[in-house]
Amino acid sequence: MLRIVDEKLIDLLRSLSANEWDAQTVAPRWKVRDVAAHLLDTVLRKLSVVRDSWHVEAGDIRSPQDVVTLVNRLNEEGVTVYRRLSPPVLIDIMRMACEQSASFHESLDPIAPAAFGVSWAGEARSLNWFDTARELTERWHHQQQIRLATDRPGIMTPVLYHPVLDCFLRGLPHLYRDTEAPSGTVLQVEIAGDCGGQWILVRDSDRWELVKEAVAEPAARVTIPQEIAWRVFTKGIDRDSAKAQIEMQGDPYLGNRVLELTAVVA
């Protein structure tokens, strides 16, 4: 699916007019050309660091905030450089980079340790399948930012969007790690629409975990329209606007915490 999403990205970028490259996205500081620059930067950076073991600088990582600070700096530097490229040049390099990236991810043993942990899910060490799934969510949601800004449908389909949502919601146990509740407490999160589904979070004796089926009546139910779910989890919509479109039942404290899930490093 990573390969499919990136092929759709190339087709999308080729279809944009000159004016559309300067359209504002839901990321306040980024226009379409900035999002495209970010997508190019991150794929080239990962190939260099992970596939080629090319480390130009050593990061001093001592806390989760250090990760955020480093990633934000690298992202800003990359966008500053690659937004200067003309669309034809950027697209040609993007096509080459995406092909190499897909081949690299397809070559990995999915259950071997990944180079980077999925920090927003609370993992210092992750397996390759989760790191690749995280990569899919990045490629999908930034492309969707461009599609939203330029009124282009195309990737909000069950085949491509549901796996993204499923990956995002794996961050729930980490989000709720410090939320006290009696053992057996159930939280139900539903993404409404043909791309969505239901996710069940249950409080065990000492932690929260995702399960296939509810073991009791949910203490809180949260229903999020699929049209805004990806924006909720990627800081693409303000909380008040999101709450106006979300249905909540039961314990408001448990339910409202879902809106704090941020499945990106930010």
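Would you be able to say whether some residue in the range 64-76 is buried (at least 18 other Cβ atoms within 10 Å of the Cβ) and more than 19 Å from residue 4 (Cα to Cα)?
Here is the first cut: in the range 64-76, the residues buried (at least 18 other Cβ atoms within 10 Å of the Cβ) are 75.
Still in the running and more than 19 Å from residue 4 (Cα to Cα): 75.
Yes, because at least one residue in the range 64-76 is buried (at least 18 other Cβ atoms within 10 Å of the Cβ) and more than 19 Å from residue 4 (Cα to Cα).
Any residue in the range 6-31 that is farther than 30 Å from residue 104 by Cα sitting within a Cβ distance under 9 Å of a residue that is aromatic (Phe, Trp, Tyr) and at pLDDT 95 or above? List the pairs, counting only those 6 or more apart or interchain.
As it stands, the answer is 24/30, since those pairs meet every condition given.
I'd like to verify a number: residues in the range 118-133 that are open to solvent by 20 Å² or more (accessible area, probe 1.4 Å), in contact with a helix residue (DSSP H, G or I) (Cβ under 8 Å, 6 or more places away or on another chain) and either under 17 Å from residue 4 (Cβ atoms) or part of a loop (DSSP other than H, G, I, E, B) (or both), how many?
4
Count, please, the residues in the range 236-266 that happen to be farther than 17 Å from residue 191 by Cα and charged (D, E, K, R).
3
Across the range 208-229, which residue is surrounded by the most Cβ atoms within 10 Å (Cβ to Cβ) among those that are at pLDDT below 95 and within 23 Å of residue 180 (Cβ to Cβ)?
214
Would a scan of the range 48-63 turn up a residue that is surrounded by 12 or more Cβ atoms within 10 Å (Cβ to Cβ), over 23 Å from residue 2 (Cβ atoms) and touching an Asp or Glu at 6+ places or on another chain (Cβ under 8 Å)?
yes
Just wondering, is there one or more residues in the range 230-240 that are in contact with a strand residue (DSSP E or B) (Cβ under 9 Å, 6 or more places away or on another chain), under 30 Å from residue 42 (Cβ atoms) and open to solvent by 20 Å² or more (accessible area, probe 1.4 Å)?
No, the range 230-240 contains no residue that is in contact with a strand residue (DSSP E or B) (Cβ under 9 Å, 6 or more places away or on another chain), under 30 Å from residue 42 (Cβ atoms) and open to solvent by 20 Å² or more (accessible area, probe 1.4 Å).
Name every residue in the range 1-22 that is open to solvent by less than 50 Å² (accessible area, probe 1.4 Å) and within 19 Å of residue 100 (Cβ to Cβ), in order of residue number.
2, 5, 6, 9, 10, 13
I'd like the residue in the range 32-60 that is touching a residue at least 24 places away in the same chain (Cβ under 8 Å) and charged (D, E, K, R) and, out of all such residues, is farthest from residue 84 (Cα to Cα). Before the answer, list the steps.
Residues of the range 32-60 touching a residue at least 24 places away in the same chain (Cβ under 8 Å): 32-47, 49-51.
Now drop any that are not charged (D, E, K, R), which leaves 33-34, 41, 45-46, 51.
Working: 33: 9, 34: 9, 41: 12, 45: 17, 46: 21, 51: 26 Å.
The selected residue is 51.
Out of the residues in the range 187-206 meeting the condition of being among the charged types (D, E, K, R) and at pLDDT below 95, tell me which one is most open to solvent (accessible area, probe 1.4 Å).
Our first condition is that a residue be among the charged types (D, E, K, R); within the range 187-206, this holds for 190, 194, 203-204, 206.
Still in the running and at pLDDT below 95: 204, 206.
Working: 204: 60, 206: 112 Å².
Ranking the candidates gives 206 first.
In the range 54-100, how many residues are over 18 Å from residue 22 (Cα atoms) and among the aliphatic types (A, V, I, L, M)? Spell out how you get there, then give the answer.
Within the range 54-100, the first condition is being over 18 Å from residue 22 (Cα atoms), and the residues that meet it are 54-75, 77, 92-100.
With among the aliphatic types (A, V, I, L, M) added as a condition, the list becomes 56, 58, 61, 67-68, 70-71, 74, 93-94, 96-97.
Counting residues in the range 54-100 that are over 18 Å from residue 22 (Cα atoms) and among the aliphatic types (A, V, I, L, M) gives 12.
Go through the range 105-127 and count every residue that is over 25 Å from residue 63 (Cβ atoms) and free of Cβ contacts under 8 Å to residues at least 24 places away in the same chain. Before the answer, list the steps.
Applying the first criterion (over 25 Å from residue 63 (Cβ atoms)) to the range 105-127 yields 105-112.
Checking the rest, the ones that are also free of Cβ contacts under 8 Å to residues at least 24 places away in the same chain come to 107, 109-112.
Number of matching residues: 5.
The values are calculated or read from the model by the stated rules, or taken from the named source; none is laboratory data. Treat the numbers as computed from the prediction; the structure is a model and nothing was measured. We place every Cβ from the backbone using ideal geometry, glycine too, and count neighbours over all the protein chains shown. Quick note on the areas: whole protein, heavy atoms, side chains included, nothing else; ligands and nucleic acids left out. Shrake-Rupley method; radii C 1.70, N 1.55, O 1.52, S 1.80 Å.
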